[in-house]
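Comments concern the structure below.
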Amino acid sequence: DAGVIQSPRHEVTEMGQEVTLRCKPISGHDYLFWYRQTMMRGLELLIYFNNNVPIDDSGMPEDRFSAKMPNASFSTLKIQPSEPRDSAVYFCASSLGRGLRTEAFFGQGTRLTVV
Amino acid sequence: AQSVTQLDSQVPVFEEAPVELRCNYSSSVSVYLFWYVQYPNQGLQLLLKYLSGSTLVESINGFEAEFNKSQTSFHLRKPSVHISDTAEYFCAVIPSSGTYKYIFGTGTRLKVLA
């Protein structure tokens, strides 16, 4: 398997624009997670899905952020409108769920810069 | 709720010296514990994990960690580090039942000096 695939790897956008980050989880994984990494806050869990259903979105910072998972092989994280403080690295991760293979597998991340 | 504390933000160590990266957790329920490594401009990679059984777990590249329930710790050790071990290391926990949320520590930057 190619692992968790995120696109784009880098995104530079102007304040106020809409940004969409994409993620393809590992085939067969039931859980999908979106994290944000910054120097100030470290790794923050934004939202996670189980079988395409959002389970916990308590980490989503504001209504400007939304996430969807229309099917088992694709998820998006959208920021509209974007602000400079949204600049961060956004990671997607997937997991098989509990059991011997309960670890999360991370994508390479999307580095977002909002100017 | 769970929390993870990594007290050391940076650890410099000379090549071939031993190192210990500390991790303490807080949880009212039993947990699974993980160490992840992040190299520059990359995602996190699993280094090792503790689910149950033997409290000492090892990775393929010489790291080991010991689960200590009484001290709620899961410290990472390596007896002899290499330059290539320079990276950021994250400790993480997840409850063994209930909500399926990985909680990460703030990370420890290991810098191996020649």
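Each row is one residue, and each column tells you yes or no for (1) open to solvent by 10 Å² or more (accessible area, probe 1.4 Å); (2) closer than 18 Å to B:TYR102 by Cβ; (3) small (Gly, Ala, Ser).
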{"site": "A:GLN17", "(1), (2), (3)": "yes, no, no"}
{"site": "A:LYS24", "(1), (2), (3)": "yes, no, no"}
{"site": "A:GLY59", "(1), (2), (3)": "yes, yes, yes"}
{"site": "A:GLU62", "(1), (2), (3)": "yes, no, no"}
{"site": "A:MET69", "(1), (2), (3)": "yes, yes, no"}
{"site": "A:SER75", "(1), (2), (3)": "no, yes, yes"}
{"site": "A:SER94", "(1), (2), (3)": "no, yes, yes"}
{"site": "A:GLY97", "(1), (2), (3)": "no, yes, yes"}
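In this entry, A:LEU32 is excluded by the filter for residues that are at pLDDT below 95, among the hydrophobic types (A, V, I, L, M, F, W, C), within 15 Å of the chain's Cα centre (by Cα) and part of a strand (DSSP E or B). A:PHE106 satisfies every condition listed in (1) within 26 Å of B:VAL31 (Cβ to Cβ); (2) in contact with a Ser or Thr (Cβ under 7 Å, 6 or more places away or on another chain); (3) open to solvent by 10 Å² or more (accessible area, probe 1.4 Å) except (2).
Given the conditions (1) away from chain A (no Cβ under 11 Å); (2) out of contact with any Ser or Thr (no Cβ under 8 Å at 6 or more places or on another chain), report the number of the one that B:VAL29 does not fulfil. Single failed check for B:VAL29: (2).
Within segment B:60-92, the only residue that satisfies the criterion of being closer than 22 Å to A:ALA104 by Cα, part of a loop (DSSP other than H, G, I, E, B) and open to solvent by less than 30 Å² (accessible area, probe 1.4 Å) is B:PHE63.
Within segment A:57-104, can you find the residues that are aromatic (Phe, Trp, Tyr) and at the interface with chain B (Cβ under 9 Å from one of its Cβ atoms)? Passing the criteria: only A:PHE91.
Kindly provide the set of residues from segment B:14-37 that are within 24 Å of B:HIS82 (Cβ to Cβ) and open to solvent by 20 Å² or more (accessible area, probe 1.4 Å), ordered by number.
Within segment B:14-37, B:PHE14, B:GLU15, B:GLU16, B:ALA17, B:PRO18, B:GLU20, B:ARG22 meet the criteria.
Among the residues of segment B:93-114, the one identified as within 12 Å of the chain's Cα centre (by Cα), open to solvent by 20 Å² or more (accessible area, probe 1.4 Å) and at pLDDT 95 or above is B:ARG109. State which residue is farthest from the other protein chains (Cβ to nearest Cβ) when the search covers only segment A:46-56 and only residues that are surrounded by 15 or more Cβ atoms within 10 Å (Cβ to Cβ) and of a type in the set (S, T, N, Q). Ranking the qualifying residues of segment A:46-56, first place goes to A:ASN52. Per the listing B:VAL11, B:VAL4, the residue uniquely under 19 Å from A:MET39 (Cα atoms), within 11 Å of chain A (Cβ to nearest Cβ) and surrounded by 11 or more Cβ atoms within 10 Å (Cβ to Cβ) is B:VAL4. Taken together, the residues in segment A:1-15 that are open to solvent by less than 40 Å² (accessible area, probe 1.4 Å) and farther than 27 Å from A:LEU96 by Cα amount to 1.
The listed residues are A:LEU43, A:LEU112, and the only one of them that is more than 11 Å from the chain's Cα centre (by Cα), assigned to a strand (DSSP E or B), at the interface with another protein chain (Cβ under 9 Å from one of its Cβ atoms) and buried (at least 16 other Cβ atoms within 10 Å of the Cβ) turns out to be A:LEU43. Mind checking whether some residue in segment B:47-69 is within 11 Å of chain A (Cβ to nearest Cβ), within 15 Å of the chain's Cα centre (by Cα) and touching a residue at least 60 places away in the same chain (Cβ under 8 Å)? No: zero hits.
The values are calculated or read from the model by the stated rules, or taken from the named source; none is laboratory data. In this text, all values refer to a predicted model and were calculated from it rather than measured experimentally. Cβ sites come from the backbone with ideal geometry, for glycine too, and all protein chains shown count toward neighbours. Note: areas computed on protein heavy atoms with side chains; ligands, DNA, RNA excluded. Shrake-Rupley method; radii C 1.70, N 1.55, O 1.52, S 1.80 Å.
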